[in-house]
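A.B. asks: If you scroll down you'll find the structure; I have some questions about it.
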Amino acid sequence: MKQLHFLVMLVVTTVLYSQKPIYNTQNDYVADGYDVVAYFSNEALKGKEEYIFIYEDVRFKFINKENLTTFKMNPGKFIPQYGGWCAYAIALKNKKVGIDPKTFEVRGGKLYLFYNSKLINTHKKWLAKKPKLLIHKANVNWANF
């Protein structure tokens with residue numbers, strides 16, 4: 001009986017931890033086709049068609065060969081948190097909401113993207129609250145997706 005219980009737990013754990021992230025692929029690309037490496041230079045730059053890379057079955061665009069190569073060397077460093085969904089919405093609403101790729105923040109070496117429209121700028125709301133607390137909430141919520 002103990003062996004069966006162990007086997008069931010092993011299978012469940014393997015399935016849960018082997019699931020791929022749920023990426024936001026607006027316009028068929030992560031970050032709406034913006035270069036995720038460029039964000040770390042505090043620039044929101046639209047990637048080019050000639051610099052596309054597929055990672056974990058989703059497409060990323062880059063502005064040049066150097067950024068593409070940098071990404072390939074360490075993809076985990078550059079992938080947006082919460083699959084590229086709005087960090088504020090994940091934290092406070094526990095919902096996947098699209099983003100404005102020009103509204104972003106790099107904090108603690110991690111990339112966070114936000115929804116922004118004429119009426120609502122979730123990045124400003126994020127900054128008005130305690131980002132560390134919001135990151136913790138978002139991490140907990142994201143673990144349940």
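A.B. asks: Considering only residues that are among the polar types (S, T, N, Q) and surrounded by 14 or more Cβ atoms within 10 Å (Cβ to Cβ), which ones fall in segment 20-63?
C.D. replies: Within segment 20-63, 24, 25, 26 meet the criteria.
A.B. asks: Just the residues that are within 14 Å of residue 80 (Cα to Cα), at pLDDT 95 or above and not aliphatic (A, V, I, L, M), please, taken from segment 18-41.
C.D. replies: Across segment 18-41, the qualifying residues are 23, 24, 25, 29, 32, 33, 34, 35, 39, 40.
A.B. asks: Cβ contacts < 8 Å: first residue over 15 Å from residue 62 (Cα atoms), restricted to segment 15-30; second residue modelled with pLDDT under 95 and surrounded by 10 or more Cβ atoms within 10 Å (Cβ to Cβ), any location; separation 6+ or different chain. Result?
C.D. replies: 22/145
A.B. asks: Output the number of the condition that residue 106 fails; it satisfies all remaining conditions of (1) surrounded by 12 or more Cβ atoms within 10 Å (Cβ to Cβ); (2) without any contact (Cβ under 8 Å) to a residue 40 or more places away in the chain; (3) over 20 Å from residue 22 (Cα atoms).
C.D. replies: Among (1) surrounded by 12 or more Cβ atoms within 10 Å (Cβ to Cβ); (2) without any contact (Cβ under 8 Å) to a residue 40 or more places away in the chain; (3) over 20 Å from residue 22 (Cα atoms), the lone unmet condition for residue 106 is (2).
The values are calculated or read from the model by the stated rules, or taken from the named source; none is laboratory data. Keep in mind that this is a model prediction, so the values were computed, not measured. Note that we place each Cβ from the backbone using ideal geometry, even for glycine, and neighbour counts take in every protein chain shown.
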